Amino acid sequence: MAGALSFVPFTDVFAGTKMMMPDPEEDLSGFKKLKLGALELFVLTDGYIREKNIDTFSPRADVPQMKTMLRDHFRPDQYVDLAMNLMLSKQKTD
């Protein structure tokens, strides 16, 4: 009877919680930090603008073809979401 519960993994019960860091590709926070040579780039996401007039989004495009392309890529064809991103750059000074 003494060893009846020895198969229960008590180390997981008493161990602390494990912190899982998100994969950088799946990180949905409001900014990204990139390194490009001597430049340090910060891309800040500030939401999006929903453009309901497809003609305004792309005035010289073939609108029926664009709507077909949007549908083919599982996007609605009544509007286009335009991302609002700002890029800040920081350069080392010697």
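Let's see how each residue does on (1) at pLDDT 90 or above; (2) in a loop (DSSP other than H, G, I, E, B); (3) not β-branched (Val, Ile, Thr):
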residue: Val8; (1), (2), (3): no, yes, no
residue: Thr11; (1), (2), (3): no, no, no
residue: Gly16; (1), (2), (3): no, yes, yes
residue: Leu41; (1), (2), (3): yes, no, yes
residue: Asp46; (1), (2), (3): no, no, yes
residue: Thr56; (1), (2), (3): no, no, no
residue: Arg75; (1), (2), (3): yes, yes, yes
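Take the conditions among the basic types (Lys, Arg), more than 21 Å from the chain's Cα centre (by Cα) and part of a strand (DSSP E or B) and apply them to Lys67. Does it pass?
Here the answer is no, as Lys67 does not meet what is asked.
The values are calculated or read from the model by the stated rules, or taken from the named source; none is laboratory data. The model shown is predicted, which means the values in this text are computed figures rather than measured ones.
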